[in-house]
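Beneath this line is the structure, given in structure tokens, with notes to follow.
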Amino acid sequence: EPRPRVLSGIQPTADSFHLGNYLGALRQWVALQDDHDAFYCVVDLHAITVEQNPAELRQRTRVSVAQLLALGIDPERSTLFVQSHVPEHAQLGWVMQCLTGFGEAGRMTQFKDKSARQAAEHVSVGLFTYPILQAADILLYQANRVPVGEDQRQHLELTRDLANRFNSRYSPTFTLPEAHIVKGTAKIYDLQDPAAKMSKSVPAGMIELLADPKASAKKIRSAVTDTEREIRFDAEHKAGISNLLTIYSSLTGKTVAELETQYAGQGYGDFKKDLGEVVIEWVTPIQDKVKSYLDDKAELDKIMQRGAERARHVAARTLAKVYKKIGF
Ligand code: ADP
Ligand code: NA
């Protein structure tokens, strides 16, 4: 019985991943390796849907791979690669664009949200067709499962529609991917504005994996909380402390109830100070590993090259079938 195949990607568009990326996604990437045939890619093709500085993009791609390795993605068990190293993504992406209706693409709500914030001449066509490239990313590997958050559901539906369309227009070719709702993911909120999700676009309220751990602890100590004293989970009325409880629980494995008991009678200051220590202890060995991957340039290159070879082995097979059926 082959293990189900899972595919996921992350953009190399920040100097560091943040705690939201880890607790909301990357931690599950690590866990999924145990019972899945996992394909994980750093999606640099998606990154250029908005303008990137070349040297920065190159460096961020390497740092992204190093962080994934440091967090526990095992390049022996999983196929870890950089999207642009596998030209089949762009090739199948074009085929998928030609299968997609203009109106169908125009109904993608994430594009509407993202493009609404910018003047039309600054919005690239690539940003518009990005969900179609994402469909190609998934279908190339015949992935059975894709871990998705709410914001990606519509894109996965498009992927399934395109797979179905190709399969019925030609003949069965693509596996229909299912949404994989992963247990144990947590949504993490901005430390300064706990009504908003932690995001790379708001540095003040974000904890970065690669930031100075002491500075991160300080950010936690100055996180926005309510005016009560009681350490109690209540996402609606006590969003700030609830977010910190989620982070504390996620990083230590203690349940929220255990933490509430442990901190009964203590103030927010004590709790935040301890959580700062938890973050320092968690992040320091990860930073050491990232550094050692980045210091050994040849080894990191080798890992990326092997990953790309393994990915291409699968991707090229799918693309060859597709091209033949189309009439190329
Ligand atoms: P950002 O929101 O900082 O731009 P991305 O959109 O690049 O981050 O997200 C990469 C992955 O991390 C996605 O799977 C996304 O769902 C997850 N993620 C991002 N921010 C959070 C958060 N605050 N809480 C939980 N998961 C998050
Ligand atoms: Na985002």
Which ones in segment 25-46 are touching a Ser or Thr at 6+ places or on another chain (Cβ under 8 Å), of a type in the set (Gly, Ala, Ser) and surrounded by fewer than 23 Cβ atoms within 10 Å (Cβ to Cβ)? 25
Failed criterion for residue 60 (all others in (1) surrounded by 14 or more Cβ atoms within 10 Å (Cβ to Cβ); (2) in contact with a helix residue (DSSP H, G or I) (Cβ under 7 Å, 6 or more places away or on another chain) hold): (2)
Across segment 189-213, the tally of residues that are within 14 Å of ligand 2 (Cβ to nearest atom), modelled with pLDDT of 95 or more and more than 20 Å from residue 250 (Cβ to Cβ) stands at 0
Cβ-Cβ under 6 Å, sequence separation 6+ or interchain: first residue in segment 11-36 and over 15 Å from residue 279 (Cβ atoms), partner at pLDDT below 95 and β-branched (Val, Ile, Thr). Which pairs? 24/185; 28/182; 28/185
Cβ pairs under 8 Å, 6+ apart, first in segment 73-87 and more than 9 Å from residue 307 (Cβ to Cβ), second in a loop (DSSP other than H, G, I, E, B) and at pLDDT 95 or above: 73/33; 74/33; 77/33; 83/43
Of all residues in segment 166-188 being of a type in the set (Val, Ile, Thr) and at pLDDT below 95, which is farthest from residue 23 (Cα to Cα)? 181
Only one residue in 218, 214, 200 is loosely packed, with under 15 Cβ neighbours inside 10 Å and touching a residue at least 60 places away in the same chain (Cβ under 8 Å), so which one is that? 214
Just give me the residues in segment 166-188 being surrounded by fewer than 19 Cβ atoms within 10 Å (Cβ to Cβ) and within 16 Å of ligand 2 (Cβ to nearest atom), in sequence order. 185, 187
Condition met for residue 39 (under 14 Å from the mean Cα position of the chain (by Cα), within 16 Å of ligand 2 (Cβ to nearest atom) and among the aromatic types (Phe, Trp, Tyr)): no
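Condition check ((1) within 30 Å of residue 75 (Cβ to Cβ); (2) modelled with pLDDT of 95 or more; (3) within 25 Å of the chain's Cα centre (by Cα); (4) part of a strand (DSSP E or B)) across all residues:
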| site | (1), (2), (3), (4) |
| --- | --- |
| 229 | no, no, no, no |
| 240 | no, yes, yes, no |
| 257 | no, yes, no, no |
| 281 | yes, yes, yes, no |
| 293 | yes, yes, yes, no |
| 299 | yes, yes, yes, no |
| 302 | yes, yes, yes, no |
| 310 | yes, yes, yes, no |
| 316 | yes, yes, yes, no |
Filter segment 53-82 for residues that are among the basic types (Lys, Arg) and part of a helix (DSSP H, G or I); the one that is nearest to residue 17 (Cα to Cα) is 60
Only residues that are within 12 Å of ligand 1 (Cβ to nearest atom), in contact with a helix residue (DSSP H, G or I) (Cβ under 6 Å, 6 or more places away or on another chain) and of a type in the set (S, T, N, Q): list them for segment 178-228, please. 185
When restricted to 143, 163, 119, 135, the only residue more than 16 Å from ligand 2 (Cβ to nearest atom), more than 20 Å from the chain's Cα centre (by Cα) and at pLDDT 95 or above is 163
Return the residues of segment 1-32 that are of a type in the set (S, T, N, Q), over 24 Å from residue 219 (Cα atoms) and within 16 Å of ligand 2 (Cβ to nearest atom); say none if nothing qualifies. 8, 11
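The values are calculated or read from the model by the stated rules, or taken from the named source; none is laboratory data. This structure is a prediction, so every number in the text was calculated from the model and none was measured. Glycine also receives a Cβ, built like all others from the backbone with ideal geometry; neighbour counts cover every protein chain displayed.
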